[in-house]
Each structure stands twice: as C-alpha cells, then as structure tokens.
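Note sheet for the following structure.
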Amino acid sequence: MIHVVAIVTTKPGQRDAVLQLFRANVPAVRAEQGCIEYEAAVDATPGLKFQTEFGPDTFVVIEKWESPAALEAHLAAPHMAAYGARVREMIASRAIHVLSPA
C-alpha cells in the first residue's frame, strides 16, 4: 500500500469552486481498481493552538492506493484528465507526496 498527500493551493478565492469539481470526481476515483481512500480536507476550525494552518486557499488530498501501479493508472484515467483541464486555471500550486508505511 502507498499513501499520497497532495497539497493544493488555489488562486485566491477559488478553493470552493475547485473543491466542488473535486467532489464531483470522487465517485469515479473511488470506483478505480486499487483505490482504498480518496478525500479532501481543509483546516479544522476553530484552529487548535498547536495547529499550523494551510490557509483559506489550500486543501489537502489524502489518498491510499493498493500499489504504485494503481496510482499510476489513476493518474492516467480519463476522468482525471478532465478534472485537471477544468481546474488548471484555478490552481496556483500543488505538491504531491507519495509515501510508504513506516
């Protein structure tokens, strides 16, 4: 199993629009072979005193996949290409971390 943590920062004020499109794509992703978990998360509110916030334009995608091959198939899926095309102009940056269980 592998874990993916993707930190996505949208252009100012675009997070809700991107999350709406993300949520619309979730059922197709969860139906993919090898998908164990796939969801978005934002800063918890109210923030805790030890919390480092991502901010109002950032969300985190938390994923678990059965294998690297399943993740690679996900990245090549037509619904992911369509999602990417829809949100491309709304994204300021993203960082994708692929992790193995420790």
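A few comments on the model shown:
- Under Karplus coefficients 6.51, -1.76 and 1.60, residue-wise ³J(HN,Hα) of the stretch 50-63 in Hz, glycine/proline x: 9, 6, 9, 7, 7, x, x, 10, 10, 9, 10, 9, 10, 10
- Choice from L71, L48, L19 with maximal GNM fluctuation in the chain (Cα, 10 Å cutoff): L48
- Per-residue 3J(HN,Hα) values for the stretch 88-95, derived from phi via the Karplus relation 6.51 cos²θ - 1.76 cosθ + 1.60 with θ = phi - 60°, read 3, 6, 9, 9, 8, 6, 8, 10 Hz in sequence order (x marks Gly and Pro).
- Computed magnitude of the charge dipole of the chain (debye, nearest 20; Cβ of K, R +1, Cβ of D, E -1): 200
- Between K11 and I91, A92, the built amide H atoms are under 5 Å apart, and every one of these is 5 or more places off in sequence or on another chain.
- Computed [θ] at 222 nm, helices only, for the chain once each DSSP H run of length n ≥ 4 contributes -39500 (n - 2.57): -10000 deg cm²/dmol
- Protein accessible area in the chain, 1.4 Å probe - carbon and sulfur %: 57
- Each residue of the stretch 33-42 was assigned a 3J(HN,Hα) from its phi angle through the Karplus curve 6.51 cos²θ - 1.76 cosθ + 1.60 (θ = phi - 60°); the sequence is 4, x, 7, 9, 8, 7, 7, 9, 9, 10 Hz, with glycine and proline shown as x.
- Shape of the chain, Cα gyration tensor, a/c cut at 1.5: oblate
- GNM flexibility winner over the chain from F50, F59, F22 (Cα, springs under 10 Å): F50
The values are calculated or read from the model by the stated rules, or taken from the named source; none is laboratory data. Quantities reported herein were computed from a predicted structural model and do not represent experimental measurements. Glycine gets a Cβ as well: all are built from the backbone with ideal geometry, and neighbour counts include every protein chain shown. All accessible areas refer to the heavy atoms of the entire protein, side chains included, with ligands and DNA or RNA removed. Shrake-Rupley method; radii C 1.70, N 1.55, O 1.52, S 1.80 Å.
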